[in-house]
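What follows is calculated from the coordinates using simple rules that are stated; it is not laboratory data. If you're wondering where the values come from, they're calculated on a predicted model, not measured in any experiment. Here the Cβ positions follow ideal geometry from the backbone for every residue, glycine too, while neighbour counts run over all protein chains shown.
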Ligand SMILES: N[C@@H](CCC(=O)N[C@@H](CS)C(=O)NCC(=O)O)C(=O)O
């Protein structure tokens, strides 16, 4: 039975799962759960994931939610996945786990909120919020500084000094690349100072070409579409019809 992915490509947690499957040749069916229509709250989806968030997978009779758990599961459940994604070596795997845990405990508290308030909200029909974005921006900058100075090392192109990407690179790159929803000036202001992070994002994209860019392109397409809608409306209104408090192009 084909693996089913319950996803919306607007979500970074979903993109990482889709990219992983594509890069590793895992056959899957993509079932769209449209966040802008709140489909994650439907009774049908509650049967798949009672937490009512995406992503979730169904593999035969097995259901699983939480993107990192899904990535770990896929590396073990499907044959032929290269070791660098989730190393069998105890010490290397422990380092990948440490990276994944840092990501999950650091980003939702601050940096992830910045993405939501400054970039993502209007794409799912919610208002952007400049005050909240400003409040959380310093957390984002602090997290980027940690990636630059701690997790990326002088040796190796990927996190933890590796020469090949792990699931931690894939997941964190999808998270940071939500910033592509910002207009160019804002993107440069936030990410410009982090040269090592920028190079790592490029290396990650290239290592997973063409799938990373193809899946990630949902963010830039949504940005262009919303910008066109605003230009056509010729007004200062957001997708949701409210007055914006922050100008993002997504
Ligand atoms: N820790 C979860 C986070 C999942 C999550 O926050 N999903 C968001 C989309 S990125 C969602 O479903 N939001 C809708 C909601 O919470 O109602 C994971 O990594 O899978």
| field | Two-site FRET efficiency, residue 202 against residue 92, from Cβ-Cβ distance with R₀ of 25 Å, rounded to 0.05 | value | 0.60
| message | Using all alpha carbons of segment 3-81, what is the percent of pairwise distances in each 5 Å bin, ordered from the shortest bin to the longest? | response | 3, 17, 30, 27, 14, 6, 2, 0
| query | Put a dot 7 Å past each Cα toward the Cβ at residue 51 and residue 233; how far apart are the dots in nm? | reply | 3.3
| task | Return the distance in nm (one decimal) between the two label points of a simple spin-label model at residue 38 and residue 164, each offset 7 Å from Cα along Cα→Cβ. | result | 4.6
| query | How large is the Kirkwood hydrodynamic radius of segment 104-191, in angstrom, based on all distinct alpha carbon pairs? | reply | 13.7
| note | If R0 = 22 Å, then residue 134 and residue 221, at their Cβ-Cβ distance, give a FRET efficiency to the nearest 0.05 of 0.20
| Given a Förster radius of 22 Å and the C-beta distance between residue 153 and residue 105 as r, what FRET efficiency does 1/(1 + (r/R0)^6) yield to the nearest 0.05? | 0.55
| request: Provide Rg and Dmax in Å for the chain, with only Cα atoms included in the calculation. | output: 18.1, 58
| field | Pair residue 146, residue 211: separation of 7 Å Cα→Cβ label points (nm) | value | 2.8
| said: Show me the ranking of peptides 46-54, 11-19 by mean Cβ neighbours inside 10 Å, starting with the highest. | reply: 11-19, 46-54
| query | How far is the Cα center of segment 167-190 from the Cα center of segment 85-129, in Å? | reply | 11
| query | Plugging the Kirkwood radius over Cα pairs into Stokes-Einstein for segment 85-233, at a temperature of 4 °C and a viscosity of 1.567 mPa s, what D comes out in µm²/s? | reply | 80
